[in-house]
There are 2 protein chains.
Amino acid sequence: MTCIYTNVDNMFNFAVGPVQSCDAVRAIGAEQVPYFRTAEFSEMMLENERLVKKLVHALEDSQVAFMTCSGSGGMETAIINCLTKEDKALVINGGSFGERFVELLTLHEIPFTEIKMEKGKALKPEHLTPYEGKGYTAFLFQNHETSTGVLYDAKLVSDFCKRNGCFMIVDAISSFLADPFDMTELDAGVMITGSQKALACPPGIAIIVLAPTALKRIERTKCCCQYFDLKLALKNQERGQTPWTPAVGVLRQIHARLKEIDSAGGAETEIVRTAHLANYFRIKLKEFNLPFEIFSESLSNAVTPLHPTTQSAFRIFLKLKDEYGMWVCPNGGDMKEALFRVGHIGFLSESDYDKLINTFLDLREKKFI
Amino acid sequence: MTCIYTNVDNMFNFAVGPVQSCDAVRAIGAEQVPYFRTAEFSEMMLENERLVKKLVHALEDSQVAFMTCSGSGGMETAIINCLTKEDKALVINGGSFGERFVELLTLHEIPFTEIKMEKGKALKPEHLTPYEGKGYTAFLFQNHETSTGVLYDAKLVSDFCKRNGCFMIVDAISSFLADPFDMTELDAGVMITGSQKALACPPGIAIIVLAPTALKRIERTKCCCQYFDLKLALKNQERGQTPWTPAVGVLRQIHARLKEIDSAGGAETEIVRTAHLANYFRIKLKEFNLPFEIFSESLSNAVTPLHPTTQSAFRIFLKLKDEYGMWVCPNGGDMKEALFRVGHIGFLSESDYDKLINTFLDLREKKFI
């Protein structure tokens, strides 16, 4: 019997999701999954909600939906529950995930204007100036465009939204717990994240935090999909339940991880830890003068996007996987040969980056890079 | 730190999903979740597809979609990808899941007629006779209506569909691997199941098998939801991939389980095993003359639905959970006090049923039932 991934525990995973989990999360993965229409499950879900709200600094009367789907499912859920054909949306498109927002707005016939960003470039005030006072009602963007490793200035977008009365939907899937995020200060209507990024649990759950402004929009919107209907999800979550059988195992792992983060000092501590690892890696890259250019002019702590100057990015990805037991994150499409990414989220340590740097040095020694 | 469900591994789970997993599946749950945009993941997914097709006796040119969602998400996916406003559907509604089909057809504006069944009653030829030759184009039903434990006669529906040229969508979520099912013989267009039923993996994945007749329908239907668009899912699955980050961990567990079932003799062996456990339990119930009436006149091997004659069903559920560490499956709504269900799917043995029977005897001794 061929066993695929037999050596999965011997791999080093520097991808950007799924990422490495801590021992407590893995131990729960080995347990039986409990029946969930119980008071015990409800209690856990209400605590999950409370802790997520705390980590993003949400207003007290915000609500959280735990949806069994990917982050992209979460993005679609936000759009079809909060926006209508009466809206006029602005959307930043600087990579694959911005493109996904564009596709979703198109499919769901939400009128929108696209702010097309050059890949790797930071958002600046002049990108938004042309849209001031033009009657836009909603703004969608990635806090961190994961595909290119660009952190967009959420404060800049937030100020625009406050001036223009725009409802703000933030895809914070890969920046949550990696970069500072204060939902109340930003006056964000929706923030979306996923179980397999800095929460470092297996994939399967999208988390959507909804400010009171979002709850009002949901109330008056007819959702086109029963499974993604936030009215149903929120009504159930009020008693700690879900309308459909959720990924109970992942929700239990999220619970353990949220408590771990909370008791270690909250989002701020986790962000400092991630920033430290990112800086550690970036300093080493420079110190050894490795043949990689940092692609993004506005970095997130979550990822370092690298353009190798001496070898195909995809060939480096394959080489690391097949010969060194390491996953970095390859890019697709027209970035396949040009870019790969090294993640800093999940259960990683300085010594893991030492191993990665040593591997790069070995590859340079062998003239592969 | 309060730990909810600490004793989850000491519980006996006779619910109908999530169910108990075998050691191999649990061991994978403890492993790191691998990065998945790789040839290794693709190879696994193609093998998953091949094995699922074999287990349901699908035509060679059928395709399988693995969707990260619940079974209800799978039901909605089938409807929005295979049916249109030009259809005229028949749907059997004999419980919560039939009701869900009705809600979905209503939401998506698919014209339909409901065959309302009395709860607990079997499907008979006379239920279908009024609809012969009336131009119906599609037929949706639960092979096993999980909420009441009624197995509907798939052969009867299939014959109707063949005579009337109806496209057949079968929710086989809880009957897959518990009751015989031959997709080709039945000429079913779609069959839906989930990871947390007889596959005995954690919840998070719906599996949808699509016959060539379904593939043709999908090709010409515009899906109203990107996340659930089967055109995207199937195009990706052709190379063993998914459009969005899937529940990679659960897919790996499904892989182990499919191979286990296949090497043990396939679906037929698993069905015999489940039928044996169901019969073992039912004979004991009778032998000890326990105060429960079997609610369904057409039983699946997956579940025994019981109406207790001396105590509230919900109070029995709570008593078993809180004092004996056992989950049976409670009912909701107007069946809450009248019905509970004992499942026979998942990693269970005769001795587990002995323990359950002994518990019932103890409850009778104590005059609780």
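Only one of these is surrounded by 17 or more Cβ atoms within 10 Å (Cβ to Cβ), in contact with a Lys or Arg (Cβ under 9 Å, 6 or more places away or on another chain) and closer than 30 Å to B:Ala313 by Cβ: B:Gly149, B:Gly189. Name it. I'd like the intermediate steps shown before the answer.
On the way: B:Gly189 fails: closer than 30 Å to B:Ala313 by Cβ.
Just a single option satisfies the conditions, and that option is B:Gly149.
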* Structure fact -> Conditions (1) open to solvent by 20 Å² or more (accessible area, probe 1.4 Å); (2) within 12 Å of chain A (Cβ to nearest Cβ) -> B:Pro212 fails only (2)
* **Residues being open to solvent by less than 10 Å² (accessible area, probe 1.4 Å) and within 12 Å of chain A (Cβ to nearest Cβ) - total across segment B:197-208** => 6
* **Residue match in segment B:41-48 (condition: more than 30 Å from A:Lys197 (Cβ to Cβ) and touching a residue at least 12 places away in the same chain (Cβ under 8 Å))** => no
* Some residue of segment A:243-262 being within 20 Å of A:Ser349 (Cα to Cα), away from chain B (no Cβ under 14 Å) and out of contact with any Lys or Arg (no Cβ under 9 Å at 6 or more places or on another chain) -> no
* So how many residues does segment A:281-290 have that are part of a helix (DSSP H, G or I) and either over 15 Å from A:Thr359 (Cα atoms) or open to solvent by 20 Å² or more (accessible area, probe 1.4 Å) (or both)? -> 5
* **Residue count, segment A:317-361 (criterion: outside any helix (DSSP H, G or I), among the polar types (S, T, N, Q) and under 19 Å from B:Thr38 (Cβ atoms))** => 1
* Structure fact -> For segment A:306-323, pairs from a residue that is among the β-branched types (Val, Ile, Thr) and buried (at least 18 other Cβ atoms within 10 Å of the Cβ) to a residue that is modelled with pLDDT of 95 or more and not in a helix (DSSP H, G or I), with Cβ under 7 Å and 6 or more apart or across chains, are A:Ile316/A:Pro308; A:Ile316/A:Phe340; A:Ile316/A:Ile369
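Do we have any residue at all in segment B:218-237 that's assigned to a helix (DSSP H, G or I), more than 28 Å from B:Ala256 (Cα to Cα), open to solvent by less than 10 Å² (accessible area, probe 1.4 Å) and in contact (Cβ under 8 Å) with a residue 40 or more places away in the chain?
If we filter segment B:218-237 for residues that are assigned to a helix (DSSP H, G or I), which is where we start, we get B:218-220, B:230-237.
Then keep just the ones that are more than 28 Å from B:Ala256 (Cα to Cα); that gives B:218-220.
Now narrow it down to the ones that are open to solvent by less than 10 Å² (accessible area, probe 1.4 Å): B:218.
When the remaining residues are screened for being in contact (Cβ under 8 Å) with a residue 40 or more places away in the chain, the result is B:218.
Yes, segment B:218-237 contains a residue that is assigned to a helix (DSSP H, G or I), more than 28 Å from B:Ala256 (Cα to Cα), open to solvent by less than 10 Å² (accessible area, probe 1.4 Å) and in contact (Cβ under 8 Å) with a residue 40 or more places away in the chain.
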* To do: Report yes if B:Ala267 is away from every other protein chain (no Cβ under 12 Å), open to solvent by less than 40 Å² (accessible area, probe 1.4 Å) and closer than 30 Å to B:Cys166 by Cα, otherwise no.
  => yes
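Which residue, of B:Gly346, B:Gly333, is within 14 Å of another protein chain (Cβ to nearest Cβ), out of contact with any Phe, Trp or Tyr (no Cβ under 8 Å at 6 or more places or on another chain), open to solvent by 50 Å² or more (accessible area, probe 1.4 Å) and of a type outside the set (D, E, K, R)? Spell out the reasoning first.
Numbers: B:Gly346 fails: open to solvent by 50 Å² or more (accessible area, probe 1.4 Å).
Answer to the check: B:Gly333.
Looking only at segment A:141-185, which residues are hydroxyl-bearing (Ser, Thr, Tyr) and either more than 11 Å from the chain's Cα centre (by Cα) or within 18 Å of A:Ile115 (Cα to Cα) (or both)? I'd like the intermediate steps shown before the answer.
Of all residues in segment A:141-185, those hydroxyl-bearing (Ser, Thr, Tyr) come to A:146-148, A:152, A:158, A:174-175, A:184.
Listed by number, the residues that qualify are A:Thr146, A:Ser147, A:Thr148, A:Tyr152, A:Ser158, A:Thr184.
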* **Residue check for B:Ala278: among the small types (Gly, Ala, Ser), open to solvent by less than 20 Å² (accessible area, probe 1.4 Å) and more than 30 Å from B:Gly29 (Cα to Cα)** => no
* Structure fact -> Exactly one of A:Cys22, A:Cys3 is at pLDDT 95 or above and more than 7 Å from every other protein chain (Cβ to nearest Cβ), and that residue is A:Cys22
* Search result, residues across segment B:85-113 that are within 23 Å of B:Asp153 (Cα to Cα) and touching a residue at least 60 places away in the same chain (Cβ under 8 Å) -> B:Leu90, B:Ile92, B:Ser96, B:Phe97, B:Phe101
* Asked: Could you count how many residues in segment A:289-303 are closer than 22 Å to A:Glu350 by Cα and out of contact with any helix residue (DSSP H, G or I) (no Cβ under 6 Å at 6 or more places or on another chain)?
  -> 9
* Out of all the residues in segment A:169-186, is one or more at pLDDT 95 or above, open to solvent by less than 10 Å² (accessible area, probe 1.4 Å) and farther than 30 Å from A:Lys54 by Cα? -> no
* Asked: Here are B:Ala264, B:Ala233, B:Ala275: which of them is aliphatic (A, V, I, L, M) and under 30 Å from A:Cys223 (Cα atoms)?
  -> B:Ala233
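Based on what the data block shows, is A:Glu293 away from chain B (no Cβ under 14 Å), part of a strand (DSSP E or B) and over 19 Å from A:Gly74 (Cα atoms)?
On the way: away from chain B (no Cβ under 14 Å): yes; part of a strand (DSSP E or B): yes; over 19 Å from A:Gly74 (Cα atoms): yes.
Taking the combined requirement at face value, the residue satisfies it.
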* To do: Hey, can you tell me all the residues within segment A:77-102 that are closer than 19 Å to A:His144 by Cβ and of a type in the set (Asp, Glu)?
  => A:Glu99
* Is at least one residue of segment B:248-263 open to solvent by 10 Å² or more (accessible area, probe 1.4 Å), touching a residue at least 24 places away in the same chain (Cβ under 8 Å), assigned to a loop (DSSP other than H, G, I, E, B) and not β-branched (Val, Ile, Thr)? -> no
* **B:Val33 closer than 18 Å to B:Phe181 by Cβ and touching a residue at least 40 places away in the same chain (Cβ under 8 Å)** => no
* Test for A:Asp159: is it charged (D, E, K, R) and open to solvent by less than 40 Å² (accessible area, probe 1.4 Å) -> no
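In the list B:Glu114, B:Glu126, B:Glu103, B:Glu99, which residue meets the criterion of being of a type in the set (Asp, Glu), within 30 Å of A:Cys224 (Cα to Cα) and over 20 Å from the mean Cα position of the chain (by Cα)?
Working: B:Glu126 fails: within 30 Å of A:Cys224 (Cα to Cα); B:Glu103 fails: over 20 Å from the mean Cα position of the chain (by Cα); B:Glu99 fails: over 20 Å from the mean Cα position of the chain (by Cα).
Checking each option against the conditions leaves just B:Glu114.
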* Please note which helices (runs of 4 or more DSSP H) are completely contained in segment B:1-115 and include at least 2 residues that are over 30 Å from B:Gly240 (Cβ atoms) and open to solvent by 50 Å² or more (accessible area, probe 1.4 Å). => B:96-107
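The values are calculated or read from the model by the stated rules, or taken from the named source; none is laboratory data. Model, not experiment: these values are computed from the prediction. Every residue, glycine among them, receives a Cβ derived from its backbone with ideal geometry; neighbour counts consider all protein chains shown. Please note that ligands, DNA and RNA were not included when accessible areas were found on the heavy atoms of the full protein model with its side chains. Shrake-Rupley method; radii C 1.70, N 1.55, O 1.52, S 1.80 Å.
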